[in-house]
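This report refers to the structure that appears directly beneath it.
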Amino acid sequence: MDFKLISLLLSLALSTPLITLLFRLVMRWWWGRLPPGSLGLPLIGETLQLIAAYKTENPEPFIDDRVKRHGPVFTTHVFGEPTVFSTDPEVNRLILHNEGKLFEVSYPGSISNLLGRRSLLLMKGGLHKRMHSLTMSFNSSATIRLHFLPHIDRLIRLNLGSWSGRVLLMEEAKKITFELTMKQLMSFDPGEWTESLRKEYVLVLEGFFTIPIPFFSATYRRAIGARTKVAEALTLIVRQRRREQEEKGAEKSDMLAALLYGDDRFSDEEIVDFLVALLVAGYETTSTLMTLAVKFLTETPLALAQLKEEHEDIRVKKDPSEGLEWTDYKSMPFTQCVVNETLRVANIISGVFRRTVADIPIKGGYVIPKGWKVFASFRAVHMNPENFKDARKFDPWRWQNSSGNTYTPFGGGPRLCPGYELARVILSVFLHRLVTRFSWVPAEEDKLVFFPTTRTQKRYPIFVKQLGHDSLEMNGN
C-alpha cells in the first residue's frame, strides 16, 4: 500500500478519538446551560436506539427512560445532530407558537428533497403565511359543508361498493384518501391515471426516511425517480389548465385554480411543488387515521357497539340512496370522541422538528443554543398518564367530559395542520358508511409500528360481510 495512504489512514484513526474528545469538551462547556442528557456514540448518537424503539408497538421506553433520568426536556443526538427533545406541554407550546420568531422549520434532507423547496411544509415567512391561509380556506368547515361533503360521501360509497371477502384496509383507505385529495386539488375523478399516479406516490413516501444520497440508498434512488414522474405528470396538468383558461376562460373552483389565478402568480414548478406536498399530507395521514380507528374499535367492542348505534339512528332516517348532509355530520357526538381518541392513541404525527434561530431560554434555567435542532414530542404528552388517565388505553368516553388542553394531534401555532377539519369529516363519513354497511373481523393478527411512519405491519387485513340494507347505498348513487 502507498506510504502516503497509510499515513493518511493512521492520521484519521488517531484523530477520531481527539475529535470526539474535543466535541465532548465543547458540549460539556454548554452542559451547565443545556438540558441534561446523553449524546450517545460518536456520529450516530442515540439514533439506533430511537429507531429500534419506534419499530415496536411500544416506543415509549426511548423517551420515558430519558425523562426518568434527565427530566421532561432532555438532550440527545439523533439523525446526525444534537437535538433537544421536549415532552413538556409548556415547552412544546413555546416551540409551536414561536415559529418564525425563535424557531424555524427543519426537516431531514430526504424529505426536503422529495417534497420540493416550494412545498408548504418548507415555506417560511410571509409566503408561508399566505399559502397556509389559502390552504386553510379550502379546508374550512364552510367550504367542506357547501362544496366537498357530497364528493367525500360519493367517493367513499363508490370504493366500499367493491369490497367483499378479504380486504387490506390500509390499502383501501389510501386509495380513498388519494382520490379525495385529487378531487379537491385538481377536480379529478378516480381512474387509471389517478391510480398510476398513486403508485408513484407510494415510492416517493418510502424515501422519506432514508439517506438522501442515491448512490447509498436504492430506496431513495427509486423515490427520486418516482418524484420526477409525479412532477412531470402534474406539470402537464398545470399547463393544460393554463391553456384552457386562455382559450376558453374555463375556471374550476379547486386548489389548482386558486394557485393559477391568485395574486401570487406562481410558476409551474412552484405549483407542482405545492401540489406534491398537499397530496402527501392528504394521502398518508388520513388513510392511517381511518385504518387505526377501525383497528382500535375492533379491539374495543363496547365502543364499536355505541358507534354503530349512533350511525344506525342516522341511517334509518334517510333514503338508502340519499347522501349525508352537514346536519348528519354534526349529529355524531360519539364519533367525534372516537376521532379524538384515535388521534391521541395513534399519534400519526408523533411530533415536529424545528431549529432555533437564537439562544432560547426555557423553564428550569436551561438554554437551547442557536442553530440546534429541537423536537416537540406530541406522542410523549398524549401517552403521559399525568395528562391522560390510563393513557395507553383506547377510551373514547374520556372525551365526553374533557377538552384536552394538552392535546395537539394537529400541531399548533402558524403551522397548525390546515386539513384538520377535513380529516375529521372524512373519517366520520367513512365510519358511517362502514358500520352501516358491513360487519367485519380481523383476517389475522397485525401489529402497529411507528417507524418510519405510523402504520400496521400487514396493512390491517379484515374479512368483511355486507349487511342486508338496500344495495343502492353501496354503489354511490
*Among the residues of region 326-357 satisfying the criterion of being in a loop (DSSP other than H, G, I, E, B) and touching a Pro at 6+ places or on another chain (Cβ under 9 Å), which is nearest to Pro72 (Cα to Cα)?*
Ser350
*Is it the case that some residue within region 400-416 is aliphatic (A, V, I, L, M) and under 30 Å from Gln184 (Cα atoms)?*
yes
*asked:* Among the residues that make up region 272-280, is at least one of them buried (at least 20 other Cβ atoms within 10 Å of the Cβ), within 14 Å of Leu234 (Cα to Cα) and more than 18 Å from the chain's Cα centre (by Cα)?
replied: yes
*Qualifying positions in region 80-96 - surrounded by 16 or more Cβ atoms within 10 Å (Cβ to Cβ) and either free of Cβ contacts under 8 Å to residues at least 60 places away in the same chain or basic (Lys, Arg) (or both)*: Arg93
_region 367-405, residues that are over 19 Å from Phe334 (Cα atoms), in contact (Cβ under 8 Å) with a residue 60 or more places away in the chain and not in a loop (DSSP other than H, G, I, E, B)_ = Val367, Ile368, Lys373, Val374, Phe375, Ala376, Ser377, Phe378, Arg379, Ala380, Val381
*Regarding Val367, is this residue within 27 Å of the chain's Cα centre (by Cα) and of a type in the set (Val, Ile, Thr)?*
no
*Report, by residue number, each residue of region 239-255 that is out of contact with any Phe, Trp or Tyr (no Cβ under 8 Å at 6 or more places or on another chain) and either small (Gly, Ala, Ser) or surrounded by 21 or more Cβ atoms within 10 Å (Cβ to Cβ) (or both).*
Arg241, Gly249, Ala250, Ser253
*Of the numbered conditions (1) modelled with pLDDT of 90 or more; (2) small (Gly, Ala, Ser); (3) surrounded by 19 or more Cβ atoms within 10 Å (Cβ to Cβ); (4) in contact with a Lys or Arg (Cβ under 8 Å, 6 or more places away or on another chain), Ser187 satisfies every one except a single condition; which is it?*
(3)
*Does Val339 qualify as being β-branched (Val, Ile, Thr), buried (at least 21 other Cβ atoms within 10 Å of the Cβ) and more than 24 Å from Leu304 (Cβ to Cβ)?*
no
*Does Gly364 satisfy the condition of being on the phi > 0 side of the Ramachandran plot and outside any strand (DSSP E or B)?*
yes
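The values are calculated or read from the model by the stated rules, or taken from the named source; none is laboratory data. Since the structure is predicted, the reported quantities are computational estimates derived from the model, not experimental observations. When we count neighbours, we look across all protein chains shown, and the Cβ atoms used for this are built from the backbone with ideal geometry, even at glycine.
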